[in-house]
Amino acid sequence: MEQRSRLFDSVVVGGQLLRNRIVLPPLTRSRATDDGVPTRLMEEYYRQRAGAGLVISEGTVIAPQATAYARVPGLYSAEQVAAWRPVVEAAKRDGAVVYAQLWHVGRQSHSSVQPDGLPPKGPSAVPITGYQYRSPIGRIPYEVPRELTTADIAEIVEAYGTAARNAVRAGFDGVELHAANGYLIDQFLNDGSNRRTDRYGGSLENRTRFLHDVIAEMAHYLPAERIGVRLSPSSDWMDAHDSDKRLLYSTVVRQLNGLGLAYLHLVEPEIAGSTTVDRPADSIPTAELAGIFDGVVIVTGGHDQASGERLLADGTADLVGFGRLFIANPDLPHRFLIQAPLEPLRHAGIYGGGPEGYIDYPSLATSGS
Ligand code: PHB
């Protein structure tokens with residue numbers, strides 16, 4: 001039997017009314033300048049995808065040291081803030097609410113992209129094994145990261161606050177903290193990458209401290225109800241290992257309750273970074289963690305319209321992200337609405353390059369069909 005669509009129901013997030021529950025999730029596309037400055041190409045890309053209820057920017061780095069890859073945008077310089085403004089405006093042209101995803105990659109970086117040419121820093125001097133760094137000359141091993149000092153940690157926390165302030169100045173409605181996929185915050189959470197013996201390592205209270213320091217710092221510059229947090233609780237991508245992930249992430253979600261955040265954004269267990277994998281044997285059901293959270297939940301990872309509707313119908317999610325479908329179908333909400341066929345994703349042009357594979361996917365309205 002045909003069920004009423006819930007994807008087109010409105011929903012309130014962070015005190016703002018969204019006209020649908022369809023999310024453009026954060027997607028690295030590498031079309032900024034070498035200095036991390038947003039470009040006209042990005043403006044067009046976000047303009048094309050403005051039909052989402054919530055647009056979340058691609059991962060945007062909080063400092064030059066925070067990046068792993070070329071042409072990822074930043075929010076640490078005045079030039080970047082100024083260049084984000086028209087991009088954010090374009091994303092808002094149809095009333096979408098627009099958040100900036102704030103990113104620090106920690107040990108997933110490489111000396112070749114570090115400003116000082118030295119290996120990146122992470123919670124502990126534990127390198128990523130089992131994965132290789134995506135360099136311009138091909139895949140190369142990750143390096144042993146340098147252990148962050150407490151002064152380094154304080155500096156990074158401050159940089160998150162500055163980036164949040166800059167996001168507001170650039171016109172973003174809120175920020176999403178990237179605490180997923182084995183990046184810096186996730187490196188602090190997981191005991192495989194965090195061997196610290198100070199107040200940032202050891203107990204769950206200590207390993208979650210960095211996350212809470214960052215949220216508290218950002219909350220100086222925008223209300224907590226405009227801060228979302230993204231987690232990938234079942235993923236061991238990029239060597240994100242913990243001795244008890246269920247305890248770790250259920251504790252994190254419980255801690256986030258009561259902070260009055262905009263939302264919790266959960267990545268499905270079948271997603272490993274940018275790839276799809278078999279659901280890990282010890283995966284934590286998304287519904288279980290969503291059920292612990294007392295606010296708005298976004299779920300992203302491999303969903304189509306039908307499975308997205310099911311997530312809303314069974315109460316697991318309040319909003320659903322569609323990454324790959326949105327890359328290939330800029331007018332995805334419109335296509336969902338009229339049940340139009342979807343364009344397939346082309347691999348070429350996902351990361352970096354020019355307009356090809358970025359802004360040349362057709363919208364039905366402009367292709368005349
Ligand atoms: C990627 O560039 O492949 C990528 C970036 C951020 C993520 C996951 C994957 O969280």
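The values are calculated or read from the model by the stated rules, or taken from the named source; none is laboratory data. Predicted, not measured: the structure shown is a model, and the values here were computed from it. Cβ atoms come from the backbone with ideal geometry, glycine included; neighbour counts cover every protein chain shown.
For the range 181-211: of the residues being within 16 Å of the ligand (Cβ to nearest atom) and among the small types (Gly, Ala, Ser), which is farthest from GLU143 (Cα to Cα)?
GLY182
Is it the case that some residue within the range 342-353 is away from the ligand (no atom under 15 Å from the Cβ), out of contact with any Pro (no Cβ under 7 Å at 6 or more places or on another chain), within 20 Å of SER5 (Cα to Cα) and at pLDDT 95 or above?
yes
Looking only at the range 334-352, count every residue that is assigned to a loop (DSSP other than H, G, I, E, B) and without any contact (Cβ under 8 Å) to a residue 40 or more places away in the chain and tell me the total.
Residues flagged as assigned to a loop (DSSP other than H, G, I, E, B) and without any contact (Cβ under 8 Å) to a residue 40 or more places away in the chain within the range 334-352 amount to 11.
May I ask you to list the residues in the range 260-276 that are surrounded by fewer than 16 Cβ atoms within 10 Å (Cβ to Cβ) and either more than 13 Å from the ligand (Cβ to nearest atom) or of a type outside the set (Ser, Thr, Tyr) (or both)? So that I can check it myself, show each step before the final result.
In the first step, residues of the range 260-276 are kept if they are surrounded by fewer than 16 Cβ atoms within 10 Å (Cβ to Cβ); the result is 260, 274-276.
Residue satisfying the conditions is GLY260 alone.
Considering only the range 131-160, state which residues are among the aliphatic types (A, V, I, L, M) and either closer than 22 Å to SER235 by Cα or at pLDDT 95 or above (or both).
To start, the set of residues in the range 131-160 that are among the aliphatic types (A, V, I, L, M) comprises 137, 140, 144, 148, 151, 153-154, 156-157, 159.
Scanning the range 131-160 gives ILE140, VAL144, LEU148, ALA151, ILE153, ALA154, ILE156, VAL157, ALA159.
Take ARG226 and decide whether it is surrounded by fewer than 24 Cβ atoms within 10 Å (Cβ to Cβ) and not hydrophobic (A, V, I, L, M, F, W, C).
no
Would you kindly identify the helices (runs of 4 or more DSSP H) lying entirely within the range 207-298 that contain at least 2 residues that are touching a Leu at 6+ places or on another chain (Cβ under 8 Å) and farther than 17 Å from ALA317 by Cα?
Result: 209-218, 245-256.
Could you tell me which residue of the range 311-341 is farthest from ARG6 (Cα to Cα), considering only residues that are out of contact with any Leu (no Cβ under 7 Å at 6 or more places or on another chain) and surrounded by fewer than 21 Cβ atoms within 10 Å (Cβ to Cβ)?
The selected residue is PRO341.
Output the residue which, of all residues in the range 276-294 that are within 20 Å of the chain's Cα centre (by Cα) and of a type in the set (A, V, I, L, M, F, W, C), is modelled with the lowest pLDDT.
For the range 276-294, the residue satisfying everything is VAL277.
Among (1) without any contact (Cβ under 8 Å) to a residue 24 or more places away in the chain; (2) in a strand (DSSP E or B), there is one condition PRO127 misses while meeting the rest; what is its number?
(2)
Please identify the pairs in which a residue from the range 131-144 that is within 18 Å of GLY117 (Cα to Cα) and charged (D, E, K, R) has its Cβ atom under 7 Å from the Cβ atom of a residue that is at pLDDT below 95 and crowded, with 16+ Cβ neighbours inside 10 Å, counting only partners at least 6 apart or on another chain.
Taking only residues 6 or more apart or on different chains, the pairs are ARG134/TYR69.
Quick check on the range 155-176. Is at least one of its residues of a type in the set (S, T, N, Q) and crowded, with 24+ Cβ neighbours inside 10 Å?
Step one: filter the range 155-176 for residues of a type in the set (S, T, N, Q), giving 162, 166.
If we keep only those that are crowded, with 24+ Cβ neighbours inside 10 Å as well, we get 166.
Looking for residues that are of a type in the set (S, T, N, Q) and crowded, with 24+ Cβ neighbours inside 10 Å, one finds at least one in the range 155-176, hence yes.
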